[in-house]
Amino acid sequence: MAKRCGFSGLEILLMVLFVAMTAVAVGFIAYTVTQQSSESRDQEPTPTPTPEVPAIPYLIGVGRADITGPVGDVPFMGYANLDQTAGGIHMRLYSRAFIVDDGSKRVLFVSADIGMVSQRLRLEVLRGLQAKYGDLYRQDNVVLSGTHTHSGLGGYFQYTLFMITSKGYIKSSIQIIVQGIVKSIERAHENLRPGRIFINKGELEESNLNRSPHSYMNNPEEERKRYNGNTDKQVVVLKFTDMDGDGIGMISWFAVHPVSMNSSNHMVSGDNLGYASYLFEQDKNIGSLPGRGPFVATFASSNLGDVSPNTRGPHCLNTGESCDYLNSSCPIGGTKMCVAFGPGNNMFESTRIIGENIFKKSKELYSSTKQEVRGPIHFAHQWLNMSDITIQINSTHTAKTCKPALGHSFAGGTIDGGGALNFTQGAVEGDPFWDGIRDAILGPPSNETQDCHRPKPILFSTGEMNWPLPWHPVIVDVQLITIGSVAIVAIPGEVTTMSGRRIREAVKKELESSHAFANTEVVIAGLCNIYTHYITTYEEYQIQRYEAASTIYGPHTLSAYIQSYRGLARAIAEGTEAELPKGPEPPFFTDSQLFSLLPLNPVDKTPDNSSFGEVLEQVDPVYTVGQVASVTFVAGNPRNSGDMTDKTFVTVEKLHNSTQTWSVVHTDASWETRFHWIKGTSGLSNATVEWHIPQSAQSGFYRIRHFGHYKEFRNLKPVFTAYEGVSDVFKVNKRIYY
Ligand code: ZN
């Protein structure tokens, strides 16, 4: 298939499919959510010190750094929609790092506000750490996890399928993410100090929903009966304190897709989990602007594979009626019309409600925890060739994993972002029309791969597509770290609810075979180290909804992982983790092998008789809290601002009457501000800055400023020049004066 003419045809097919499959229409339905129990404001009843405090406390370091990246033109990573390109900022994105050292061993857990960690990203981060710290931080003691926000930038992948869906390998995007992750680790490393860890868990209702209940129901009844519901409700919180009991950081895991922001959004956002981090950090770092202050809180991903935050559930946009239960489609309009919304009236409100729910529950658990985590640290890691694992099913039977392939229902999408073509979920037979197109361009999948994946009808036999580079990875990380009686399983993809439960149970059982691991709490950390799409149970796989069609190594994928994680757990329990075979190293393709489809950033232009930063639409003279102040500037492409890490495109400033000076009350990282960059034609563009004035705003005089850069050519050389704009001064009142 490596014919010279092959790529353009194949690329077009893929683009058509991806663009079409992810069109999400918009329409929102009101929904009232039960507010979670509220707690009193911020006193921190740190657990009473117990006499059994470990003789040698842990060394703990926490750090945070900006990974927002160039917020113009670059496609978002998540909905695989090439039209969903970056156009500004709602919330900045951060990497948050946590180092724990027991005096002899050290582990590092990073949770980053990105769609997922890719193999390329991990390898580049590990290279950065190697250059700075030698062998201190390695593939076996470093876990990198993505929150799975669908409103972060793409362009950080080295396999062809992911490069196509994010316009290639985009150096300006991945560089910022790599540097930011390394920076967060440096900050954590620099503030290592003696400290203590506490754990707590509880249940959170009304904040997630199973989006493939029909698949879930195919799991054995006896197994389902052991759980109260088809999603996990549990929130697990780790609290980090110094030796005085003062909080320094927190990690919270709750299983939900960060897809409250849908594919119509173009502003970079951490979505519901990112907003929960924002709230927790603002609560602890009182008086700091967002993204600043010493306390670091992350809300990391877990077994969210089949879990939607759109709690109002799926409905047909055109009729308001329920979608077909089996394949999530509508009588008129098909899968495109079947979309889940809620709990808010729009995506911002839904993000806020889900984020607040998770934040409040986590804060309650953080504040009330009494159970201290004690004991040594362990870690185990292997690289597996996931296309070639033999699984011992029972004493007489074995099964095998397959070369990667995606099924037809992959193109059906989900209720969080449906397909636009005639693909539906639950397809267990191919479609002659699409199969014909595929065969003409790519050639048919081999019989071996078709047999291996049954009952999945193969849409793309990615394991047999290697041009210009392999379309999917086969060398995959499996990793397990333990801190005392807490075990963190680093999963290289999105596990469904039941898959996560099976992995937790298997790891727990294996660890608890050793006395040292009695009552271990096993946590699923999702989207870690490398992205391999979804992992369903064998039974869910038979139903072939989206998650199963995207289980790329075949029906026994989960069994292979369980076998591997059990091996890691057993090695830790027996103290033999250093003897585990490392496995085959993943490839690191050279920059010249990777490709970019993103055009160079163009020269910026202004309308006639205007200049960059000039106001096109002015603010009103007076606003009341609860209203939205809005101003539009002549702008440059944000890509032309280069590295804006720790800087801002926007400030909201308040006038101090006594001194006649201005102070910054919000930046582009703030929830209350929205920086919309709107691209026009021929290099023209605007920036509209909105300030959603909170009830807490003080009355007084304010102004909004915008900062950017524009690109021009001088003497045939590109030149980037800074500009700024400022609104008129406006008044904010607490209430309306008549
Ligand atoms: Zn997902």
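Out of the range 556-575, which residues are closer than 14 Å to Cys402 by Cα, surrounded by 24 or more Cβ atoms within 10 Å (Cβ to Cβ) and not aliphatic (A, V, I, L, M)? If the condition is that a residue be closer than 14 Å to Cys402 by Cα, surrounded by 24 or more Cβ atoms within 10 Å (Cβ to Cβ) and not aliphatic (A, V, I, L, M), then Thr557, Tyr561 are the ones that fit. Inclusion of Glu494 among residues that are of a type outside the set (Val, Ile, Thr), in contact (Cβ under 8 Å) with a residue 12 or more places away in the chain and in the same structural domain as Met116 (by TED's automatic domain parsing) is warranted. Residues in the range 84-127 that are touching an Asp or Glu at 6+ places or on another chain (Cβ under 7 Å), outside any strand (DSSP E or B) and not aliphatic (A, V, I, L, M): Arg92 only. Exactly one residue among Gly567, Gly613 is farther than 20 Å from Asp477 by Cα and either part of a loop (DSSP other than H, G, I, E, B) or touching a residue at least 12 places away in the same chain (Cβ under 8 Å) (or both), and that residue is Gly613. Considering only residues in the range 138-156 that are surrounded by 24 or more Cβ atoms within 10 Å (Cβ to Cβ) and more than 15 Å from the ligand (Cβ to nearest atom), the one that is nearest to Asp102 (Cα to Cα) turns out to be Val142.
Restricting attention to the range 204-261, the residues that are surrounded by fewer than 17 Cβ atoms within 10 Å (Cβ to Cβ) and part of a loop (DSSP other than H, G, I, E, B) total 11. Assess whether Tyr325 counts as being hydroxyl-bearing (Ser, Thr, Tyr) and within 29 Å of Glu505 (Cβ to Cβ). When the stated conditions are applied, Tyr325 passes them. Restricting Arg438, Arg504 to those that are in a helix (DSSP H, G or I) and modelled with pLDDT of 90 or more reduces the list to Arg504.
Residues that are under 28 Å from Met91 (Cα atoms), assigned to a helix (DSSP H, G or I), more than 16 Å from the ligand (Cβ to nearest atom) and touching a strand residue (DSSP E or B) at 6+ places or on another chain (Cβ under 9 Å) occur at least once in the range 337-349. Going residue by residue through the range 159-180, is there one that turns out to be part of a loop (DSSP other than H, G, I, E, B) and modelled with pLDDT under 95? Yes, the range 159-180 contains a residue that is part of a loop (DSSP other than H, G, I, E, B) and modelled with pLDDT under 95.
Pairs linking a residue in the range 400-416 that is closer than 13 Å to Gly334 by Cα to a residue that is within 14 Å of the ligand (Cβ to nearest atom) and in a strand (DSSP E or B), with Cβ atoms under 8 Å and 6 or more positions apart or on different chains, are Gly412/Gly418; Thr414/Ser308; Ile415/Ser308; Ile415/Ala340.
Can you spot a residue in the range 368-380 that is away from the ligand (no atom under 16 Å from the Cβ), outside the structural domain of Leu123 (by TED's automatic domain parsing) and surrounded by fewer than 22 Cβ atoms within 10 Å (Cβ to Cβ)? No, every residue in the range 368-380 fails to be away from the ligand (no atom under 16 Å from the Cβ), outside the structural domain of Leu123 (by TED's automatic domain parsing) and surrounded by fewer than 22 Cβ atoms within 10 Å (Cβ to Cβ). The residues of the range 541-555 that are away from the ligand (no atom under 12 Å from the Cβ) and touching an Asp or Glu at 6+ places or on another chain (Cβ under 7 Å) amount to a single one, Ala548.
Taken as a whole, the condition of being within 16 Å of the ligand (Cβ to nearest atom), in contact with a Pro (Cβ under 8 Å, 6 or more places away or on another chain) and either more than 26 Å from Gly249 (Cβ to Cβ) or free of Cβ contacts under 8 Å to residues at least 40 places away in the same chain (or both) applies to Leu209.
As a summary of the residue check, Leu273 satisfies the conditions (1) in a helix (DSSP H, G or I); (2) out of contact with any strand residue (DSSP E or B) (no Cβ under 7 Å at 6 or more places or on another chain); (3) within 16 Å of the ligand (Cβ to nearest atom) except for the one numbered (2). As an exercise: evaluate Arg138 against (1) under 25 Å from Ser104 (Cα atoms); (2) not in a loop (DSSP other than H, G, I, E, B) and give the number of the one condition it does not meet. Unmet condition: (2). Taken over the range 668-723, the criterion of being buried (at least 19 other Cβ atoms within 10 Å of the Cβ) and more than 32 Å from the chain's Cα centre (by Cα) is satisfied by Tyr702, Tyr723.
Once the range 388-421 is narrowed to residues that are at pLDDT 90 or above and assigned to a strand (DSSP E or B), the residue that is nearest to the ligand (Cβ to nearest atom) is Leu406. Here the condition is being under 23 Å from Glu356 (Cβ atoms), of a type in the set (S, T, N, Q) and within 16 Å of the chain's Cα centre (by Cα); of Ser264, Ser308, it holds for Ser308 alone. Within the range 504-522, restricting attention to residues that are under 20 Å from Phe254 (Cβ atoms) and surrounded by fewer than 24 Cβ atoms within 10 Å (Cβ to Cβ), the residue that is farthest from the ligand (Cβ to nearest atom) is Thr520. Which one is nearest to the ligand (Cβ to nearest atom), of the residues in the range 318-336 that are surrounded by fewer than 22 Cβ atoms within 10 Å (Cβ to Cβ) and hydrophobic (A, V, I, L, M, F, W, C)? The residue in question is Leu326.
Hey, Ser461 hits all of (1) among the hydroxyl-bearing types (Ser, Thr, Tyr); (2) outside the structural domain of Glu203 (by TED's automatic domain parsing); (3) surrounded by fewer than 17 Cβ atoms within 10 Å (Cβ to Cβ); (4) modelled with pLDDT of 95 or more but one; which does it fall short on? The single condition Ser461 does not satisfy is (3).
The values are calculated or read from the model by the stated rules, or taken from the named source; none is laboratory data. Because the structure is predicted, anything quoted here is derived from the model rather than measured. Here Cβ is always computed from backbone atoms with ideal geometry, including for glycine, and neighbour counts include all displayed protein chains.
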